[in-house]
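Peer 1: A single structure is presented below for examination.
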Amino acid sequence: MNKNIKPVNLHSICDLNFALKSNRINNDLVKKYEQYLGITLKDSEYNDIHNLINYLYSFNLPVKVDGIFLDYHIPAMSKEMDIIKISDNIILNIELKSKDKTLEERKNQLIQNRFYLSKTKYDNIFYFSYKSSDNSLYQLEDDSFTSTDQTPIKLIELLNKPNKDNVHIEDLLIPSDYLVSPFNDPQRFLDGEYLLTNSQKSKEVELTQILSTNNCVFLSGNPGTGKTLVLYDYAKKLISEGNSVYILHGGNLNDGHEYLKQHGLNIYPIFKLQEILSMNNDTNTYFMIDEVQRLNETQITEIRQTMNAKLIFAGDPNQVLNKNEFGTRLKEYAKENSIATVKLTNKVRSNQNLAEFIKGIMNSHYPVDKNYPINNKHISIEYFNNDDEALFYIDRLKKESSFKILVLPGSIRFQKDMYSIYNHLHENAYNVIGQEFDNVATLLGSNITYSDNGKLVSNGTYYDSGMALFQNITRTRLNLKLIIVNNPQLLERCINLLK
């Protein structure tokens with residue numbers, strides 16, 4: 001999450017911290033200044049910056065330390081970079097470390113940074129790691145991570161380059177360039193054009209360890225943790241090792257599934273469950289059930305009793321469309337049946353501004369975190385009095401923009417449903433399970449309201465419209481558009497959140 005970061009002079013930042021420590025200014029003023037700059041720094045980070053400046057000055061060369069971006073967060077990610085400087089066709093990245101980091105860890109951090117910054121329009125990018133506890137400075141060049149007498153000289157030369165004017169750091173990277181979904185970017189997924197975090201890699205190791213002594217494991221993850229990517233990456237690795245892998249998807253297959261099937265993955269929709277259960281399988285076969293929360297308890301029990309294969313149940317207990325689905329009982333079921341759980345907790349796809357807005361939409365009593373003010377640059381609202389006007393707008397939006405149109409699923413129980421007029425034209429929460437998009441436009445009808453305790457509720461449809469709305473908006477990587485039809489209460493709540 002980047003809060004319109006402004007470039008700073010490192011001397012200025014250090015002087016600010018010194019003034020605080022010497023009681024010349026108070027902490028509230030420092031926090032206000034940080035907020036103005038769009039950064040949040042720990043006391044140890046101030047010390048690291050101060051030590052870096054002193055270290056560079058020790059070489060008796062002029063050093064330019066202005067035009068620096070601090071605390072840069074990669075859009076839609078939970079990853080940050082300490083120092084970025086941008087010159088004409090040049091990016092300089094410096095990572096600051098205090099202690100307790102090995103050379104291998106420092107190198108791997110820069111390799112990860114390179115993966116992301118290589119997606120920018122800049123041709124020349126330089127990566128350094130500075131550790132203040134021992135004044136060690138290393139540079140990553142290709143696969144070499146070295147420190148020589150010339151390393152600090154090189155860094156000083158890069159710092160002294162003229163700053164590029166009118167840089168908007170928030171536009172440096174575009175999420176679609178580095179966020180890869182097995183379904184939305186199947187060829188890039190097959191080509192390995194993505195990066196698992198250390199946490200995600202460790203979860204794959206856990207899966208292997210558990211399945212070496214057990215035949216069943218539950219992989220759990222909330223939206224944004226990369227559960228689907230981890231599951232499909234693990235499947236790809238198992239296949240490369242010569243194992244047989246079958247994947248059952250808890251819904252209908254999308255175009256991405258079909259593409260992966262054409263390139264060798266065995267993927268089946270939920271209605272093919274009985275066909276899979278009749279297959280010959282043994283302990284060298286892996287059977288993965290993705291979006292398992294959409295199944296019911298009888299189906300899960302049948303799978304466990306029928307299959308001799310190693311089983312991986314993957315899902316998010318909260319991502320359900322109907323209260324009758326099994327999701328809410330997943331954790332309890334796993335505990336009752338002694339099924340080990342591997343839980344993805346660290347968010348990879350994260351947009352704190354958007355997250356605050358979503359929390360505010362789902363609960364009218366939710367107090368937005370003042371540390372993450374909602375940025376209406378990436379959230380927009382359109383309001384219509386009736387379905388005809390909304391349909392006309394949606395059709396035009398689909399033709400003229402890059403927005404993915406997601407409506408709310410219509411009822412299968414009632415003969416006529418308020419969303420049925422939209423469902424034959426556009427996708428809904430049920431169709432896009434497990435997918436994500438840069439730009440999402442979603443429909444909100446008049447059946448959605450707030451209960452007395454502030455919770456978003458709905459009525460009149462078989463699928464819970466509130467749950468479906470949550471699924472739709474959590475598919476968003478960057479830009480969200482709400483298309484509200486005949487619902488003044490929801491319009492007012494949205495406007496209040498975006499003030």
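Just so you know, all these numbers are worked out from the coordinates, no wet-lab data involved. Just so it is clear, the structure is predicted and the values come from calculations on it, not from any experiment. Methodologically, a virtual Cβ is constructed for each residue, glycine included, from the backbone with ideal geometry; neighbour enumeration extends over all protein chains shown.
Peer 1: Within segment 202-303, list the GluC sites (Glu not before Pro) lying in a DSSP loop whose Cβ has at most 12 other Cβ atoms in a 10 Å radius.
Peer 2: Numbers: sites: E204, E206, E241, E258, E275, E291, E297, E302; in loops: E241, E291.
Hits after loop and neighbour filter: E241.
Peer 1: Which value at 222 nm does the chain reach when only helices count, each DSSP H run of 4 or more adding -39,500 (n - 2.57), with the total divided by all residues and rounded to the nearest 500 deg cm²/dmol? Don't jump to the answer; show the numbers that get you there.
Peer 2: Working: 17 runs with 173 residues, N = 499.
After summing the helix terms and dividing by the residues of the chain, the value is -10000 deg cm²/dmol.
Peer 1: So what are segment 127-232's ellipsoid semi-axes, whole angstrom, largest first, if each one is the square root of 5 times an eigenvalue of the alpha-carbon gyration tensor? Each step should come with its number before you reach the end.
Peer 2: Values: eigenvalues 285, 95, 31 Å².
The answer is 38, 22, 12 Å, longest axis first.
Peer 1: Using R₀ = 45 Å, calculate the FRET efficiency as 1/(1 + (r/R₀)^6) where r is the Cβ-Cβ separation of N215 and Q489; round to 0.05. Write out the running numbers ahead of the final one.
Peer 2: On the way: r = 50 Å, r/R0 = 1.11.
Taking R0 as 45 Å, the efficiency between N215 and Q489 is 0.35.
Peer 1: E193 to S144: FRET efficiency via 1/(1 + (r/R0)^6), r the Cβ-Cβ distance, R0 35 Å, to the nearest 0.05?
Peer 2: Working: r = 23 Å, r/R0 = 0.66.
In this case the efficiency is close to 0.90.
Peer 1: What does a probe at N385 reach in segment 465-499, counting residues whose amide N is under 13 Å from the point 7 Å along Cα→Cβ?
Peer 2: Output list for this probe position: 486-487.
Peer 1: Can you work out the FRET efficiency for the pair E157 and S202, with r the C-beta to C-beta distance and R0 = 41 Å, to the nearest 0.05?
Peer 2: Working: r = 39 Å, r/R0 = 0.94.
Efficiency for this residue pair is about 0.60.
Peer 1: While we're looking at this one, here's another question. Calculate one ³J(HN,Hα) per residue across segment 178-191 by plugging θ = phi - 60° into the Karplus curve 6.51 cos²θ - 1.76 cosθ + 1.60, and present them in order as whole Hz with x for glycine and proline.
Peer 2: 10, 8, 10, 10, x, 8, 7, 10, x, 5, 5, 5, 4, 7
Peer 1: Starting from the Cα-Cα distance between N337 and K370, subtract it from 0.36 nm times their residue separation and give me the gain in nm to one decimal.
Peer 2: Values: separation 33, 0.36 × 33 = 11.88 nm, distance 4.28 nm.
In short, 7.6 nm is gained.
Peer 1: First select every other residue whose beta carbon is under 11 angstrom from the beta carbon of Y333; then total the charges, Lys and Arg +1, Asp and Glu -1.
Peer 2: Working: positive: R304, R329, K331, K335; negative: E297, E332, E336.
Local net charge: +1.
Peer 1: Once amide H atoms are built 1.01 Å from N in the peptide plane, which residues 5 or more positions from T285, or in another chain, come under 5 Å H to H?
Peer 2: For T285, the qualifying residues are K310.
Peer 1: Taking the structure as given and computing Rg and Dmax of the Cα atoms in Å, which label from (1) 25.4, 81; (2) 25.3, 74; (3) 43.7, 133 fits?
Peer 2: Structure-derived value, by its label: (1).
Peer 1: List the residues, sorted by chain then number, that are 5 or more residues from M81 or on another chain and whose placed amide H is less than 5 Å from its amide H.
Peer 2: Y72, H73, I74
Peer 1: Can I ask one more? With θ taken as phi - 60° and the coefficients 6.51, -1.76 and 1.60, list the Karplus ³J(HN,Hα) couplings across segment 159-173 in order, rounded to whole Hz; mark glycine and proline as x.
Peer 2: Once θ is set to phi - 60°, the couplings for segment 159-173 become 5, 7, 5, x, 6, 7, 7, 6, 7, 10, 4, 5, 9, 5, 10 Hz.
Peer 1: Just to be sure I understand: of the beta bridges DSSP finds with both ends in the chain, what percent are antiparallel, rounded to 5?
Peer 2: 30
Peer 1: Could you please report the charge total around H249, scoring K, R as +1 and D, E as -1 over all other residues with beta-carbon less than 12 angstrom from its beta-carbon? It would help to have the intermediate numbers written out before the result.
Peer 2: Working: positive: K261, K272, R294; negative: E258, D290, E291.
Net charge in that neighbourhood comes out at 0.
Peer 1: For the peptides 143-151, 280-288, 174-182, what is the packing order when you average, over each peptide's residues, the other Cβ atoms within 10 Å and list the highest mean first?
Peer 2: Working: 143-151: 11.6, 280-288: 16.0, 174-182: 20.2.
Top to bottom by mean Cβ count within 10 Å: 174-182, 280-288, 143-151.
Peer 1: Return the loop-located trypsin sites (Lys or Arg not before Pro) in segment 1-73 (DSSP other than H, G, I, E, B) with at most 13 other Cβ atoms within 10 Å of their own Cβ; answer none if there are none. Numbers along the way, then the final one.
Peer 2: Values: sites: K3, K21, R24, K31, K32, K42, K64; in loops: K3, R24, K42, K64.
Answer by residue number: R24, K42.
Peer 1: Packing-wise, with mean Cβ within 10 Å as the measure, how do 389-396, 74-81 rank, highest first?
Peer 2: Numbers: 389-396: 15.5, 74-81: 20.0.
Averaged packing, sorted descending, gives the order 74-81, 389-396.
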